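The values are calculated or read from the model by the stated rules, or taken from the named source; none is laboratory data. Since the structure is predicted, the reported quantities are computational estimates derived from the model, not experimental observations. Please note: Cβ atoms are built from the backbone with ideal geometry, for glycine as well, and neighbour counts cover all protein chains shown. When the accessible area is computed, the model is the full protein with side chains, heavy atoms only, and any ligands, DNA or RNA have been set aside. Shrake-Rupley method; radii C 1.70, N 1.55, O 1.52, S 1.80 Å.
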Amino acid sequence: MVNVYNTRTRSKEEFVPIEGNNVRMYVCGPTVYDYPHIGNARSFAVFDTIRRYLEYKGYRVVYITNFTDIDDKMINRSKEDGIEVSELAAKFITEYLTIAKQLNLIPATINPRATEHMDDIIEMVELIIKNGYGYDVDGDVYFNVPSFETYGGLSRIPMDDLSSRARVEVDEKKKDPRDFILWKAEKPGEPSWESPWGKGRPGWHAECSVMGKHYLGFPFDIHGGGQDLIFPHHENEIAQSAAAYGIETPVKYWLHNGFLTIDSDKMSKSEKNFSTAREVLDNYDHQAVRLYLVTGQYRQPLDYNDKAMKQAIQSLERIKNAADTIRGRISILEKIGSRESDADRKLAEASKKAREDFEKEMDDDFNTPGALAEIFTLVREINTLTKDVGGAAVLREALAVMIELVGILGVNLADEAQTGEGAGQAAKALKGIVDFLLELREGARKSKDFAKADQIRDRLGELGIEIADTKDGPTWKMS
RNA sequence: GGCGACGUACCCAAGUGGUAAGGGAGAGGUCUGCAAAACCUUUAUGCAGCGGUUCGAAUCCGCUCGUCGCCUCCA
C-alpha cells in the first residue's frame with residue numbers, strides 16, 4: 001500500500017487509483033525558453049522515480065509531461081535572441097530531451113505542446129465564459145476569481161487576503177484585482193491565433209488544464225510539479241478546469257517537490273542564482289547526478305554543492321563495487337565450481353529483506369533516503385557474505401535485486417562493464433586474453449616476482465582493466 | 001502583513017510516542033607482497049532553546065530563537 005502526501009489535503013493518504021490498476025499522471029513540464037537548471041532536473045528526477053516505483057508496484061502508468069512553447073517568457077526571449085518563437089522552442093525541447101536521457105528519465109507517454117492545443121484552449125475559455133466564470137474585455141479574457149467559491153482551496157490562501165493585495169500593476173480592465181487572464185489580445189509582431197475574441201494567445205497556463213483533460217480526462221490521479229507552482233499556477237488550473245468542465249476535483253492527488261537550493265538559497269532564474277542542468281551533467285557522472293537528486297526526500301529542500309555531489313559519487317561507487325564483487329565471485333565460481341554454504345542462505349535472506357524494506361520506505365511517500373539506506377544494508381551483506389557464497393544462483397538473485405531497486409531510483413547498474421560476460425567474439429577473446437595474463441601474473445606472484453606481477457596489473461590498468469586480488473583468485477573489470 | 005516549510009553528529013540525511021537508520025569524512029584495527037575494494041570498532045545520554053502533557057517525547061502541546069520559501073515569471 002502506497003501512501004502519498006497530498007498537497008490538497010495537507011496529509012498523507014492511501015494511494016488508490018481512480019480506475020483499477022491504471023494510474024494517470026501529469027507533471028508540469030518546462031517552458032522551453034531557456035536551459036533547464038539543476039532544480040528543474042530535480043523535479044524531473046523525482047517524478048520519474050515516483051513513476052518507476054508505481055510501475056514496479058504493478059500499476060500501469062500513463063505519464064504526460066508538457067512543453068509550454070508559447071507565453072510571455074517565450075516571446076520576450078525570442079525578441080532578445082532575434083529568432084522565431086518556434087525556433088526557440090525547438091532548441092530547448094531538444095535540450096530538454098538530451099537532459100532527460102542523461103538523467104535516465106523514462107520517456108513520457110506523450111510530450112504535448114501548448115501550441116498544438118489551441119483549439120482545446122479556446123474551447124475551454126469559451127466554456128468558462130459560458131458558465132459565468134469569465135468575461136471578455138477588448139479581446140482580453142479574464143477569469144473572475146470571486147465567482148469561483150472554492151478558489152484558494154489548494155494553496156489555502158484566504159480570498160480576502162488576496163483581494164487586499166492588488167499591489168502590482170493594477171489592471172483597469174479587471175473586474176476584480178484577483179482576476180487572472182485566460183486569453184491575451186494580440187500585440188503587433190507576436191504570435192497569435194484566431195479566436196472568438198479576436199486574434200490572441202493563451203494568457204496563463206491554460207495548456208496544463210487542457211492537455212490534462214485531453215490526454216488523461218478529468219479527474220485524473222496525480223498532478224506533479226514544484227512547490228512554487230501551488231500558487232498561482234495550480235490554483236488557477238483547478239479553477240479553470242472546474243469552471244469549464246464542471247468537475248469539482250479535477251485531480252485526486254497533488255504532489256509537489258521541494259526546492260533545490262544553492263548554498264541554502266533558492267535557485268532562481270530571475271536571481272541569476274542557478275546552475276544549469278547542462279553544466280552539472282557536463283561536470284559529473286550522470287548516474288551520480290541522478291542519485292544525488294534523490295538523496296533527499298522529495299518534499300524537503302535539497303542543497304546543491306560540490307560536497308553533496310562528491311558524496312553522491314562515493315555512494316554510487318560503493319553500490320557499483322558491491323555489484324562488481326558479485327560479478328567477480330560468479331566468474332570465480334565458474335572456475336572453482338560451486339560449494340554451497342551457510343552464506344548462501346544468509347545472502348538469499350538478505351536479498352529478500354532488502355526488497356521488503358525498500359518497499360516499506362518507498363510506500364511511505366517515496367522516502368528515497370530511507371530506501372537508499374536499505375540498499376546500503378544489502379550492500380554490506382553482499383560485501384560480507386559474497387566471498388563465502390558458493391551458489392551462483394543466489395548471487396545472481398542478489399545482483400538482480402540490487403539492479404532492480406537501484407533502477408527505481410534511476411541508476412542503471414545493468415549496463416556496467418561486466419567481467420567479460422558480454423556476448424560477441426571480441427568480448428570472448430578479450431576475456432580469454434585477460435584471463436591468460438592473470439594466470440601469468442598469478443605465476444609471477446607465486447614465485448614472488450612482484451615486479452612482473454605489478455607490471456601486468458599496471459599495463460592492464462592503463463588499458464582500463466582493473467585487477468583486484470581476492471582469496472579465491474583475481475577478478476577484473478572494465479573501468 | 002497573510003500562508004507554509006524547516007532546525008537531528010564534522011557534513012548530507014531517515015526516523016514523527018517506546019528509548020537515535022544509512023551514506024560521506026575522521027580515528028584505530030583486520031585482511032594484503034603491494035594496490036584497490038572490503039570488513040570490524042569508534043564519532044549525538046542526545047535530536048535549536050525553554051516549559052508542559054505522558055510510565056515514557058527527537059516525535060504531541062505552548063512559547064522563544066534561527067533559517068528558508070510562497071503571496072510576482074519560476075520545478
What ranking do A:134-142, A:120-128 get when scored by the average of other Cβ atoms within 10 Å per residue, highest first?
A:120-128, A:134-142
Counting DSSP beta bridges with both ends in chain A, the antiparallel % (nearest 5)
55 percent
Nearby aspartates and glutamates by direct alpha-carbon distance to A:LYS174 (threshold 12 angstrom, same-chain neighbours under 8 apart not counted)
A:ASP136, A:ASP138, A:ASP140
Given the pairs A:LYS175/A:LYS213; A:LYS452/A:LYS477; A:LYS213/A:LYS252; A:LYS387/A:LYS477; A:LYS335/A:LYS387; A:LYS130/A:LYS175, which are separated by over 22 angstrom at their Cα positions?
A:LYS175/A:LYS213
Between the stretch A:292-351 and the stretch A:40-114, how many Å separate their Cα centres?
31 Å
Between the helical axis of A:342-363 and the dominant principal axis of chain A, each derived from Cα atoms, what acute angle in degrees is found, rounded to the nearest 10?
10 degrees
How many percent of all Cα-Cα pairs in chain A sit more than 32 Å apart?
50 percent
Highest first, please rank the peptides A:310-318, A:40-48, A:238-246 by the mean number of other Cβ atoms sitting within 10 Å of their residues.
A:40-48, A:238-246, A:310-318
Considering only protein heavy atoms and a 1.4 Å probe, what is the carbon-and-sulfur percentage of the accessible area of the stretch A:3-304?
46 percent
If you average 1/r across every pair of different Cα atoms in the stretch A:425-478 and take the reciprocal, what Kirkwood value do you get, in Å?
11.3 Å
Place the peptides A:434-443, A:79-88 in order of packing, highest mean first, counting for every residue the other Cβ atoms within 10 Å and averaging per peptide.
A:434-443, A:79-88
Compute the long axis of helix A:118-130 from its Cα atoms, compare it with the longest principal axis of the Cα atoms of chain A, and write down the angle in degrees, 0 to 90, nearest 10.
50 degrees
Straight distance only, please: which aspartates and glutamates reach the Cα of A:LYS346 with their own Cα at less than 15 Å, same-chain residues fewer than 8 apart left out?
A:GLU381, A:ASP388, A:GLU397
Determine the calculated [θ] at 222 nm for chain A from helices alone, applying -39500 (n - 2.57) to every DSSP H run no shorter than 4 residues and normalising by the residue count; nearest 500 deg cm²/dmol.
-15500 deg cm²/dmol
Lys and Arg at +1, Asp and Glu at -1: neighbours of A:LEU460 with Cβ under 12 Å from its Cβ sum to -1
Magnitude of the Cβ-charge dipole (Lys and Arg +1, Asp and Glu -1) of chain A about the Cα centre, nearest 20 debye, reported as 1600 debye
